[in-house]
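Accompanying notes for the structure given below.
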There are 2 protein chains.
Amino acid sequence: MRPVKLALLGCGTVGSEVVRLLHEQAPDLTARIGAELELAGIAVRRPGRKRGSLPVDESLFTTDALGLIKRDDVDVVVEVVGGVEPARSWLVEALRAGKSVVTANKALLAEDGATLHEAAAEGAADLYYEASVAGAIPLLRPLRESLHGDRVTRVTGIVNGTTNYILSSMDASGAGFDEALEKAGELGYAEADPTADVEGFDAAAKAAILASLAFHTRVTAADVFREGMTAVTAGDMASARRMGCTIKLLCIAERGPDARGRESVGVRVHPAMIPRTHPLAAVQDAFNAVFVEAEAAGQLMFYGQGAGGTPTASAVLGDIVAAARNKLTGTRAPGENAYAHLPIRSIGEVVTRYHISLDVAERPGVLAAVAGVFARHEVSIATVRQSGRAQDAQLIIVTHGAPDANLAATVAELDQLDIVRSIVSVLRVEGGA
Amino acid sequence: MRPVKLALLGCGTVGSEVVRLLHEQAPDLTARIGAELELAGIAVRRPGRKRGSLPVDESLFTTDALGLIKRDDVDVVVEVVGGVEPARSWLVEALRAGKSVVTANKALLAEDGATLHEAAAEGAADLYYEASVAGAIPLLRPLRESLHGDRVTRVTGIVNGTTNYILSSMDASGAGFDEALEKAGELGYAEADPTADVEGFDAAAKAAILASLAFHTRVTAADVFREGMTAVTAGDMASARRMGCTIKLLCIAERGPDARGRESVGVRVHPAMIPRTHPLAAVQDAFNAVFVEAEAAGQLMFYGQGAGGTPTASAVLGDIVAAARNKLTGTRAPGENAYAHLPIRSIGEVVTRYHISLDVAERPGVLAAVAGVFARHEVSIATVRQSGRAQDAQLIIVTHGAPDANLAATVAELDQLDIVRSIVSVLRVEGGA
């Protein structure tokens, strides 16, 4: 069999691990594919940069990505550059020309996956992107294929390692956000600018990809409600602990009828309290996990390392093997399956529960006044805990499920009450009865 | 597009759920496949049996399974009968004729998967069996495809719901085995004859299938070392708890060099203590989970319902969708990939750790004599705990890793010592440093 030729775009943390694994595991990969994998070229921005330890010939490096993609002998294009452009133009070019694409680019998939899927359909080419969500965890293939005979109703994920490291560390040590972030930075779990992680942008992109696959519809990053986790305090974590909960930054994608009974999809990213008995509560440090609920399969969870060069390269290699096999047998994996065309539910329509912590004046009638606000917005209270202090008291209220708009309106009105000195924190509660 | 026609063999718990889901989810399945799925016939032993609630025409039932399989219009044969024969003959017939097969038959796959794989290669047919291991959990497709660019080193699984229910219940309540088994039976988690579950036969079959896929080699049920969990006592569980552990019935498949440095595979099923901090320790009740370690991907875990009609039917349906799509596009999934031909390591060569509980005479020199036995067999002791009682004392010894043969010889010699009144229990310890 002739070798299957790869064009690698990008040679950073993930790319160099892909090169290393292609070399180290070559005999196994050849045996599994039935032909050799051969690197046709590696497109980089700075070809002169020292890459001494990589087991490849220096002549493979080029700055001309498009020229490499267009080469007749290239079968599979592997993109680990990231970002929307120029990656989109490159991959569209490759797919239209019938070359298979393996990409780890979550930003591109989440912002404009449609363009890639259309180009793949046009060129009858494979488009694989397992590494774009939850690193090494085999997640997209199970959603795309294994659960195709079932109806997924909900996907709840911890898909950002940085924020999970910070929250685990706050939970374990009682530290505040700033201290935990600093420690995460020292250990290499947080970047110098952690905005994309702590503000939930990274998780929102992954949520869009997961929701699209789980519900057979198109969801983009712009459809995802997003709230970061920088406001979570040591006090919130302590309060969660008293409730038998912990706090995680979750991405949640749900399918179901909206207020008018119309089937729709709601996708959101925000910090939430979850019971310690929930399988996601045990996910520590920088690990990722995705909890899937399906009508027939019931509850499933996929757990593993969500980032890092080597784990991500494992997912890329798995896709390369699949794409190479298809090339050799002249077949193609199932393409995009977005027949459902489900409308997106706004966050206001999403039914959730709130944990609200208030500093209130300690005088008779306070609870009645506060409870009245909840009642006016048709929000039912599950539990109230009151702890008096010198002049003030703290009220901790947990609601039953209600549309987020009603809960938000309740909080806004509470903020206007004279007897409410301050709203200490508002957190959603997930994963329980 | 013409419909894809299915022959269903068996209509028990799983089969009737397959029929129900095919009916209920028909519009979605058609959209995902691009053609309708149509039941061509259902082979049963007793066609007259009341199946009133099933949404199918009575005329579809037949007792002539082979006749149904041979019908020209049948594209995919779905087998949920179980057992080696006549299932093997039926499926070989189907595969050789180029019909795709979807089966949940772990016994057949584990005893003689080779015959099925060869028939599939002969007929260029698809052979899918996701439902044969860990019910609804997408596990075989990830091992078969997602991790194909990586090297799996170890698979540790809780793959039997009955025994996990029993052990979880012993752990939670302090009950003994008999009491927990009785409760499991009352709740429908244990069969009238629980032998296949509690003696580890069921888990051993699944271990063989997992090991074959993970290591690209052939492993049969006969290659699996098997020890049941009926000897686990409430005292063992209490002892595990004191060590910060719990006890699970594990299937463990490992790849690595044997004593002579030859790459080999060891596969075993036995109860073992694991630390409570291990992700598998949190798997409660009848849930299943499989922990996979791979060189690049690191640690992964797959969690979900391992049994039950509906979850198992979800896995069967996922395979049906894949097989039907391939039929329509004239393609075929990757076949068996058993190029590695790895020898099987005997249990004696497997390196593990023991937790040994001894009733010993309380007199000077006992510990020295006992420790001498360990030293003679080159087994290093990690911890010793001694608890005196009226005339006797109890010694609890946990070893470092050593070949199982050395550990077994140590226990045999201890049993001969006068000062050892009885060997109370011997348990392997897994999943920790």
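Every number in this text was worked out from the coordinates using simple rules, so none of it is lab data. All figures in this text were calculated on a predicted structure; none of them were measured in a lab. Note: ideal-geometry Cβ built from the backbone for every residue, glycine included; neighbour counts use all protein chains shown.
Residue exposure proxy: B:I344, B:I381, B:I252, ordered by other Cβ atoms within 10 angstrom of their Cβ from fewest to most, comes out as B:I381, B:I344, B:I252.
Computed from Cα positions, the angle between helix B:106-123 and the longest principal axis of chain B comes to roughly 40 degrees. Seen against the Cα atoms of chain B and their longest principal axis, helix B:201-215 is set at about 80 degrees.
Listed cross-link partners A:K70/B:K327; A:K183/A:K248; A:K327/B:K70; A:K206/A:K327; A:K327/B:K5 are compared with a 24 Å cut-off, the Cα-Cα value being larger for A:K70/B:K327; A:K327/B:K70; A:K206/A:K327; A:K327/B:K5. Taking every DSSP bridge with both residues inside chain A, close to 70 percent are antiparallel.
What number do you get for the protein assembly as shown when its Cα radius of gyration is normalised by 2.2 N^0.38 Å, N = residues? Normalised Rg, Cα atoms only: 1.00. Counts of other chain beta carbons within 10 angstrom of each beta carbon in peptide B:125-137 average 2. I need the calculated FRET efficiency for the pair A:A408 and A:L367, taking r as the beta carbon distance and R₀ as 25 Å, to the nearest 0.05. Plugging the Cβ-Cβ distance into 1/(1 + (r/R0)^6) gives 0.70. Here the protein assembly as shown carries DSSP beta bridges of which approximately 70% are antiparallel, counting only pairs with both residues inside. For segment B:273-362, GluC sites (Glu not before Pro) meeting the loop criterion (DSSP other than H, G, I, E, B) and having at most 15 other Cβ atoms within 10 Å: B:E295, B:E362. Looking at segment B:265-333, which trypsin sites (Lys or Arg not before Pro) are DSSP coil and have at most 15 other C-beta atoms within 10 Å of their C-beta? Qualifying residues, ordered by number: B:R276.
Note on A:H377, A:H400: ascending count of other Cβ atoms within 10 Å places them as A:H400, A:H377, the fewest first.
Gain on full extension, evaluated as 0.36 nm per residue between A:D193 and A:H341 minus their Cα-Cα distance, stands at 49.7 nm.
Taking the Cβ-Cβ separation of B:D178 and B:D359 as r and a Förster radius of 30 Å, what is the calculated FRET efficiency to the nearest 0.05? Calculated transfer efficiency: 0.85. In nanometers and ordered shortest first, the copy-to-copy spacing of the B:G188 label point, defined 7 Å from Cα toward Cβ, is 5.1. Maximal additional length on extending the A:S387-A:R241 stretch stands at 50.9 nm, based on 0.36 nm per residue less the C-alpha distance. Placing a label point 7 Å from Cα along the Cα-to-Cβ direction at A:G48 gives distances to the equivalent points in the other copies of 9.1 nm, listed shortest first.
Projected label points at A:T153 and B:A259, each 7 Å from Cα along the beta carbon direction, are separated by 5.5 nanometres. Site pair B:R376 and A:T63 shows an inter-label distance of 7.5 nm when each label is modelled 7 Å from Cα along Cα→Cβ. Pop the C-beta distance of A:Q299 and B:I423 into the FRET formula with R0 = 30 Å and round what comes out to the nearest 0.05. For A:Q299 and B:I423, the calculated efficiency is 0.15.
Between B:D73 and A:L328, the modelled labels are 3.8 nm apart [label points 7 Å from Cα along Cα→Cβ].
By how many degrees, 0 to 90 and rounded to 10, does the Cα axis of helix A:366-376 deviate from the longest principal axis of chain A? That works out to roughly 50 degrees.
For B:A26, the label point sits 7 Å beyond Cα toward Cβ; its separations from the matching points on the remaining copies run 5.5 nm, from shortest to longest. Closest approach of any chain B Cβ to the axis that rotates B onto A belongs to B:T331, 2, distance given in whole Å. Taking amide hydrogens as placed 1.01 Å from N in the peptide plane, the amide H of A:L342 sits under 5 Å from those of A:R218, each at least 5 positions away in sequence or on another chain. Distance from the C-alpha centroid of segment B:49-85 to that of segment B:286-352: 26 Å, rounded to the whole angstrom.
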